[in-house]
Amino acid sequence: NAGVTQTPKFQVLKTGQSMTLQCAQDMNHEYMSWYRQDPGMGLRLIHYSVGAGITDQGEVPNGYNVSRSTTEDFPLRLLSAAPSQTSVYFCASSRDRNSPLHFGNGTRLTVT
Amino acid sequence: QQQVKQSPQSLIVQKGGISIINCAYENTAFDYFPWYQQFPGKGPALLIAIRPDVSEKKEGRFTISFNKSAKQFSLHIMDSQPGDSATYFCAASILTGANNLFFGTGTRLTVIP
């Protein structure tokens with residue numbers, strides 16, 4: 001049972017480039033979400049999904065897009081990378097709204 | 001604006017000592033307060049959680065104390081061990097919402113042998 005799998009583990013982008021951070025879970029969880037972790041700021045919610053076909057914005061959604069075409073996958077797209085998006089990104093999932101969040105091991109993104 | 005405030009930023013404790021991390025919140029709609037533990041290179045993992053209908057919850061060496069009137073909660077780690085060295089995050093959410101957590105800024109705990 002792999003849990004929540006994030007790829008890649010590390011990525012370096014130049015300003016203006018686009019990319020997709022992948023997230024997959026094999027626990028048949030309905031809820032999935034993306035957080036970014038920055039020093040001194042904890043984790044902040046970017047986007048979330050309460051089920052396939054349903055997504056919504058979190059606390060810091062600007063510059064990011066998501067889609068949820070299947071229960072298993074929840075990719076995060078950076079449309080035009082900026083240095084302010086340098087961060088560690090975590091994907092998380094839970095069975096339902098009352099269940100604990102399970103986090104992946106993160107993607108460390110650097111934008112130069 | 002940080003919805004959950006956490007202190008201290010870092011903490012050094014001797015092996016066998018008690019580690020205490022404090023958090024405070026403003027939104028009285030929060031009704032679920034978990035603590036997450038994070039090791040370097042890993043994602044946060046749920047350690048222990050509490051709901052506001054109780055004032056204390058204990059699991060092994062880890063205890064959450066909750067003060068609803070003060071809007072504060074804290075994590076106590078008894079008999080701290082070097083293996084407890086990690087970053088700890090408090091968080092809060094609304095259970096009737098979409099399971100979206102508001103995190104504190106984290107406390108880096110170092111337990112000295």
Single condition B:THR28 does not satisfy, out of (1) open to solvent by 70 Å² or more (accessible area, probe 1.4 Å); (2) free of Cβ contacts under 8 Å to residues at least 24 places away in the same chain; (3) away from every other protein chain (no Cβ under 14 Å): (2)
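Conditions tested, residue by residue: (1) more than 11 Å from chain B (Cβ to nearest Cβ); (2) under 26 Å from B:PHE102 (Cβ atoms); (3) crowded, with 18+ Cβ neighbours inside 10 Å.
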residue: A:GLN6; (1), (2), (3): no, yes, yes
residue: A:LYS14; (1), (2), (3): yes, no, no
residue: A:LEU21; (1), (2), (3): yes, yes, yes
residue: A:SER33; (1), (2), (3): no, yes, yes
residue: A:GLY42; (1), (2), (3): no, yes, yes
residue: A:VAL50; (1), (2), (3): no, yes, yes
residue: A:ILE54; (1), (2), (3): no, yes, no
Qualifying residue in region A:85-103 (condition: touching a Pro at 6+ places or on another chain (Cβ under 9 Å), assigned to a strand (DSSP E or B), crowded, with 16+ Cβ neighbours inside 10 Å and at pLDDT below 95): yes
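Count, please, the residues in region B:58-100 that happen to be under 29 Å from A:TYR48 (Cα atoms), more than 14 Å from chain A (Cβ to nearest Cβ) and open to solvent by 30 Å² or more (accessible area, probe 1.4 Å). Give the steps one after another, and end with the answer.
Step one: of region B:58-100, the residues under 29 Å from A:TYR48 (Cα atoms) are B:64, B:66, B:68, B:71-75, B:86-100.
Okay, now just the ones that are also more than 14 Å from chain A (Cβ to nearest Cβ), so B:64, B:66, B:68, B:71-75.
When the remaining residues are screened for being open to solvent by 30 Å² or more (accessible area, probe 1.4 Å), the result is B:68, B:71-72.
The qualifying residues number 3.
Yes/no matrix, rows are residues, columns are (1) touching a Cys at 6+ places or on another chain (Cβ under 8 Å); (2) of a type outside the set (S, T, N, Q):
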{"residue": "A:THR5", "(1), (2)": "yes, no"}
{"residue": "A:PRO8", "(1), (2)": "no, yes"}
{"residue": "A:THR20", "(1), (2)": "no, no"}
{"residue": "A:GLY40", "(1), (2)": "no, yes"}
{"residue": "A:LEU45", "(1), (2)": "no, yes"}
{"residue": "A:GLY53", "(1), (2)": "no, yes"}
Index of the failed condition, B:ALA91 passing every other in (1) touching a Pro at 6+ places or on another chain (Cβ under 7 Å); (2) more than 26 Å from A:ILE46 (Cα to Cα); (3) touching a residue at least 40 places away in the same chain (Cβ under 8 Å): (2)
Every residue from region B:59-99 that is farther than 17 Å from B:ALA45 by Cα and touching a His at 6+ places or on another chain (Cβ under 7 Å): B:SER65
Qualifying residue in region B:56-77 (condition: in contact with a Lys or Arg (Cβ under 9 Å, 6 or more places away or on another chain), modelled with pLDDT of 95 or more and of a type in the set (Ser, Thr, Tyr)): yes
Filter pass, B:GLY17 being of a type outside the set (A, V, I, L, M) and either within 14 Å of chain A (Cβ to nearest Cβ) or touching a residue at least 24 places away in the same chain (Cβ under 8 Å) (or both): yes
Failed condition for A:TYR64, given (1) buried (at least 17 other Cβ atoms within 10 Å of the Cβ); (2) over 30 Å from B:THR107 (Cβ atoms); (3) more than 10 Å from chain B (Cβ to nearest Cβ): (2)
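The values are calculated or read from the model by the stated rules, or taken from the named source; none is laboratory data. Note that the structure is predicted; figures quoted are calculated from it, not measured. Note that we place each Cβ from the backbone using ideal geometry, even for glycine, and neighbour counts take in every protein chain shown. In case anyone asks, the SASA skips ligands and DNA or RNA and just uses the protein heavy atoms, side chains included. Shrake-Rupley method; radii C 1.70, N 1.55, O 1.52, S 1.80 Å.
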